[in-house]
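Below: one structure, written as structure tokens.
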Amino acid sequence: MKIKNTLIASIVGAASLVGTMASADALRVGVEGAYPPFSQKEADGSLSGFDIDIALALCEELNRECELVEQEWDGMIPALVAKKYDAIVASMSITEDRKKRVDFSEKYYFTPSRFIAKEGASFDMTPEGTKGVKIGVLRGTTLQCHVEKTFPEADLRLYNTQEDVFADLVTGRLDMQLNNTLGALDGFLNTDQGKGFAFYGPDVDDAECLGEGTGIAVRKGDPLAGELTAAIAAIRADGTYATINDKYFDVDIYGK
């Protein structure tokens, strides 16, 4: 699966409105800005990426102004509950644990996750065989859940940004890391930084931790979840979703 690196100038321009005064009817959307190709910051400080495009498209479908609010990953749900914003569009997997705290729209994409290690690496991927193996993941993610559950003796190291995970993998501070396959390809393996590294092992099969697709989180009981589900269906039906998908990926990431 080859990921396209195309960035759309119109989206970058729209996303640069982050932090400006929004109308009373604005939809405030929590985004991360540190998870390419789903969200990243450009040199001029504007936001771009698949999640950003989807957020803007959904706001347009709902006929609401879009106010993008940057938030570090591990504070995403607390900031939503605290009403810092109204919805999270940040590649958040729908899991049973998260559904105890927030409501979700239906999924807007589904992609697998895999480990990454140096080319030619050999690890015994059992609880005993990974004792002491340094594995890096983003803090507070479904990936953390999987490693803690499946490899309890591993030396799990938690990070606030994906860029920091990749940096420590390159310097040898980590033996492996676990990531979404598409994010890993565009953000690391297909870059100069990722030379000498490769996916290790098959797709991770763990519905309990990794969830049932990626959805948009809202506060408990907020009817916005249903509105966003309808908006997702609408942009898929009118071709907007496919257009956004094809700007970043050579495969349909919506899944089955």
Inset, instruction - For the range 136-150, name all the residues that are of a type outside the set (G, A, S), out of contact with any Cys (no Cβ under 7 Å at 6 or more places or on another chain) and surrounded by fewer than 22 Cβ atoms within 10 Å (Cβ to Cβ). - result: R139, Q144, E148, T150
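Picking from V147, V133, which residue would you name as being in the same structural domain as A184 (by TED's automatic domain parsing), of a type outside the set (K, R) and in contact with a Leu (Cβ under 6 Å, 6 or more places away or on another chain)?
Going through V147, V133 in turn, just one is in the same structural domain as A184 (by TED's automatic domain parsing), of a type outside the set (K, R) and in contact with a Leu (Cβ under 6 Å, 6 or more places away or on another chain): V147.
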Inset, instruction - Kindly indicate the residue of the range 99-134 that is at pLDDT 95 or above, farther than 22 Å from L169 by Cα and in contact with a strand residue (DSSP E or B) (Cβ under 8 Å, 6 or more places away or on another chain) and also surrounded by the most Cβ atoms within 10 Å (Cβ to Cβ) among those meeting that condition. - result: Y108
Legend entry - Considering residues of the range 55-98 that are among the small types (G, A, S) and buried (at least 17 other Cβ atoms within 10 Å of the Cβ) only, the residue modelled with the lowest pLDDT: S93
Legend entry - Close pairs (6 angstrom Cβ cut-off, 6 or more residues apart or separate chains): closer than 15 Å to E119 by Cα in the range 179-191, among the β-branched types (V, I, T) and buried (at least 23 other Cβ atoms within 10 Å of the Cβ) anywhere: A184/I116
Inset, instruction - Tell me which residues, restricted to the range 165-181, are outside any helix (DSSP H, G or I) and surrounded by 19 or more Cβ atoms within 10 Å (Cβ to Cβ). - result: L174, D175, M176, Q177, L178, N179, N180
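The values are calculated or read from the model by the stated rules, or taken from the named source; none is laboratory data. Keep in mind that this is a model prediction, so the values were computed, not measured. Quick reminder, even Gly has a Cβ in these numbers, built from the backbone with ideal geometry, and neighbours come from all protein chains shown.
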